[in-house]
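Student: Okay, handing you the structure first.
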Amino acid sequence: MTWFELIKQVVRVPEAAAYYGLQVSRNGMACCPFHDDRHPSMKLNERYFYCFGCGATGDVIDLVARLFDLSSYEAAQKLAQDFGIDPDKPPAAAALPKPERPLLKAYRQEEVRCLRVLCDYLHLLESWKVQHTPKTPEDVLDDRFVEACQMLDYVEYLADLLIAAELEQRVKIVEMLNKDGLITGLEERLESLGKEEQRDEKEQAA
Ligand SMILES: [Zn+2]
């Protein structure tokens, strides 16, 4: 086990967040230190964090690196020092938390991916709703405005559940989103829309 892995195994994200001054609620939510966040929108799971507001995400080392503007290596050193982990004398195997079951680990990665795609989509819909609001009652409705009206509430609802619901419910949502390649399709669409937008911006700038 590498030193980085050792630290990630021993120090849980909510524990580190609380230690460095974040107010972590019992359901693992905290105000995000990386954007102006008045209502807790950062979810702290045992092994990773995800901010619903700004998309900040990572493991315990990433969190500390960003909080204190450190390199990963320095952040790992800081964690080792603050949590009394001696890299030369790793704790006995029995004292370590059991390694995560591979299935659970794969599920968690999938959950983070779903949440990231949903949040990206949500932000896009929000901007469409503003940008493409009809100016007069006679205007033909823009497809993007229609999609935003139809989808916004539902996507927000799904993202909220993925952040705050019990594991059992989250597993069901992730399953549902993966059925028929739904989330992959959405991910690809967002990617190509992002590329289009960049092209438009370049053309406008030229
Ligand atoms: Zn944030």
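The values are calculated or read from the model by the stated rules, or taken from the named source; none is laboratory data. None of the values given here were measured: they were computed from a predicted structure. Glycine also receives a Cβ, built like all others from the backbone with ideal geometry; neighbour counts cover every protein chain displayed.
Student: Restricting to region 1-24, and then to whatever is part of a loop (DSSP other than H, G, I, E, B) and modelled with pLDDT under 90, can you tell me which residue is surrounded by the fewest Cβ atoms within 10 Å (Cβ to Cβ)? Even if it seems obvious, please write down each step before you answer.
Tutor: Here is the first cut: in region 1-24, the ones part of a loop (DSSP other than H, G, I, E, B) are 1-2, 11-12, 20-24.
Filter again for modelled with pLDDT under 90, leaving 1-2.
Details: 1: 12, 2: 9.
So the residue we want is 2.
Student: Also, I was wondering about something else. Which pairs do you get when a residue that is in contact (Cβ under 8 Å) with a residue 12 or more places away in the chain and on the phi < 0 side of the Ramachandran plot, found in region 21-49, comes within reach of a residue that is of a type in the set (Lys, Arg) and more than 12 Å from the ligand (Cβ to nearest atom), reach meaning Cβ atoms under 8 angstrom, with the pair 6+ apart or on two chains?
Tutor: Filtered contacts from region 21-49: 45/108; 46/12; 47/8; 47/12; 47/108; 48/108.
Student: Here's another thing I want to ask about it. Out of region 123-157, which residues are buried (at least 18 other Cβ atoms within 10 Å of the Cβ) and within 29 Å of residue 105 (Cβ to Cβ)?
Tutor: Within region 123-157, just 155 meets the criteria.
Residues are listed down the side, and each one gets a yes or a no for (1) under 24 Å from residue 54 (Cβ atoms); (2) in a helix (DSSP H, G or I); (3) among the charged types (D, E, K, R):
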{"position": "121", "(1), (2), (3)": "yes, yes, no"}
{"position": "129", "(1), (2), (3)": "yes, yes, yes"}
{"position": "150", "(1), (2), (3)": "no, yes, no"}
{"position": "162", "(1), (2), (3)": "yes, yes, no"}
{"position": "177", "(1), (2), (3)": "yes, yes, no"}
{"position": "196", "(1), (2), (3)": "yes, yes, yes"}
{"position": "199", "(1), (2), (3)": "no, yes, yes"}
{"position": "204", "(1), (2), (3)": "no, yes, no"}
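Student: So, residue 54, is that one over 15 Å from residue 160 (Cα atoms), within 16 Å of the ligand (Cβ to nearest atom), under 13 Å from the mean Cα position of the chain (by Cα) and not in a helix (DSSP H, G or I) or not?
Tutor: No; evaluated as a whole, the condition is false for this residue.
Student: So which of 75, 17, 80 is within 16 Å of the ligand (Cβ to nearest atom), outside the structural domain of residue 124 (by TED's automatic domain parsing) and touching a helix residue (DSSP H, G or I) at 6+ places or on another chain (Cβ under 7 Å)?
Tutor: After applying the criteria, what remains is 17.
Student: So which residues in region 134-161 are modelled with pLDDT under 90 and either touching a Lys or Arg at 6+ places or on another chain (Cβ under 6 Å) or of a type in the set (Ser, Thr, Tyr) (or both)?
Tutor: 136
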